[in-house]
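The values are calculated or read from the model by the stated rules, or taken from the named source; none is laboratory data. Nothing here was measured: the structure is a model prediction, and the numbers come from that model. Here the Cβ positions follow ideal geometry from the backbone for every residue, glycine too, while neighbour counts run over all protein chains shown.
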Amino acid sequence: MSYERSTSYLLLIRLYRKIFINIKSLGTLVLEPGFYVYIGSANIRKPLIRIQRHFKKSKKIRWHVDYLTTSLFVEVTAAIVCSGLTEDCMYETILSDKNFVAVAKGFGATDRRHHVTHLFKVKGEVKDALKHVIRKLTETCRAIELVA
């Protein structure tokens, strides 16, 4: 994938059990088992490097999502990368989709104060939710890629 002005992504994250995450700026978050999506942006020359970083357990904690992805009871299972789509558009797509519920106010959204959060819990069947959101994203993304 080449560098383009707007690259946003969704991480598909699975929590195997209830976890407590202490983030200084947000307090202690309690997350129930299940599937979640996290919205991020990678407006850098090599966006896949940032996205692949999320799959690693051992890393320096830099962003809110790192507190989540470094947990032993959490697995990043896939990423959906959208070229030509801003983080704001990705947020609006997920926020308006009934298959996702906003959780953890402020999580990952400190640079986007008008966003409630960038972490959403998947309601119902994850396969159906992802099919639906991928269909919506393909209408607006210049290119879409699945990383697993």
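For segment 56-86, give me each residue that is more than 17 Å from Phe107 (Cα to Cα) and in a loop (DSSP other than H, G, I, E, B).
Within segment 56-86, Lys56, Lys57, Ser58, Lys59, Lys60, Leu72, Phe73, Gly84, Leu85, Thr86 meet the criteria.
Give me the residue from segment 87-112 that is in a loop (DSSP other than H, G, I, E, B) and small (Gly, Ala, Ser) and, out of that set, surrounded by the fewest Cβ atoms within 10 Å (Cβ to Cβ).
If we take residues in segment 87-112 being in a loop (DSSP other than H, G, I, E, B) and small (Gly, Ala, Ser), then Ser96 is surrounded by the fewest Cβ atoms within 10 Å (Cβ to Cβ).
Look at segment 57-91 and say how many of its residues are among the charged types (D, E, K, R) and within 13 Å of Tyr9 (Cα to Cα).
Number of matching residues: 2.
Which residue is nearest to Thr93 (Cα to Cα), if the candidates are limited to segment 17-31 and must be in contact (Cβ under 8 Å) with a residue 40 or more places away in the chain and not in a strand (DSSP E or B)?
Once the filter is applied, the top-ranked residue is Leu26.
Given (1) touching a residue at least 60 places away in the same chain (Cβ under 8 Å); (2) of a type outside the set (D, E, K, R); (3) more than 16 Å from Ile21 (Cα to Cα), identify the lone condition not met by Ser41.
Looking at each condition in turn, Ser41 falls short on (1).
Can you find a residue that is among the basic types (Lys, Arg), more than 22 Å from Phe55 (Cα to Cα) and out of contact with any Lys or Arg (no Cβ under 9 Å at 6 or more places or on another chain) anywhere in segment 128-140?
Yes, there is a match, as at least one residue in segment 128-140 is among the basic types (Lys, Arg), more than 22 Å from Phe55 (Cα to Cα) and out of contact with any Lys or Arg (no Cβ under 9 Å at 6 or more places or on another chain).
Here are some conditions: (1) among the basic types (Lys, Arg); (2) in contact with a strand residue (DSSP E or B) (Cβ under 9 Å, 6 or more places away or on another chain); (3) not in a strand (DSSP E or B). Arg14 meets all but one. Which one does it not meet?
Only one criterion is unmet by Arg14, namely (3).
Would you please name the residue that is farthest from Arg17 (Cα to Cα), looking only at residues in segment 61-108 that are of a type in the set (Gly, Ala, Ser) and over 11 Å from the mean Cα position of the chain (by Cα)?
Gly84
Restrict the check to segment 32-55 and report whether at least one residue is among the acidic types (Asp, Glu) and not in a loop (DSSP other than H, G, I, E, B).
No, there is no match, as no residue in segment 32-55 is among the acidic types (Asp, Glu) and not in a loop (DSSP other than H, G, I, E, B).
Can you tell me which residue in segment 98-148 is modelled with the lowest pLDDT, limited to those that are aromatic (Phe, Trp, Tyr) and under 15 Å from Glu87 (Cβ atoms)?
Phe107
Determine if segment 63-77 includes at least one residue that is modelled with pLDDT under 95, of a type in the set (S, T, N, Q) and surrounded by 13 or more Cβ atoms within 10 Å (Cβ to Cβ).
Checked against the condition, which is being modelled with pLDDT under 95, of a type in the set (S, T, N, Q) and surrounded by 13 or more Cβ atoms within 10 Å (Cβ to Cβ), segment 63-77 yields no hits at all.
Can you pull out the residues in segment 98-148 that are closer than 15 Å to Ala79 by Cβ and touching a Ser or Thr at 6+ places or on another chain (Cβ under 6 Å)?
Hits for segment 98-148 are Ala143, Ile144.
Would you check which residues across segment 44-62 are more than 23 Å from Asp88 (Cβ to Cβ), surrounded by fewer than 11 Cβ atoms within 10 Å (Cβ to Cβ) and either touching a residue at least 12 places away in the same chain (Cβ under 8 Å) or acidic (Asp, Glu) (or both) and list them?
Listed by number, the list holds a single entry, Ser58.
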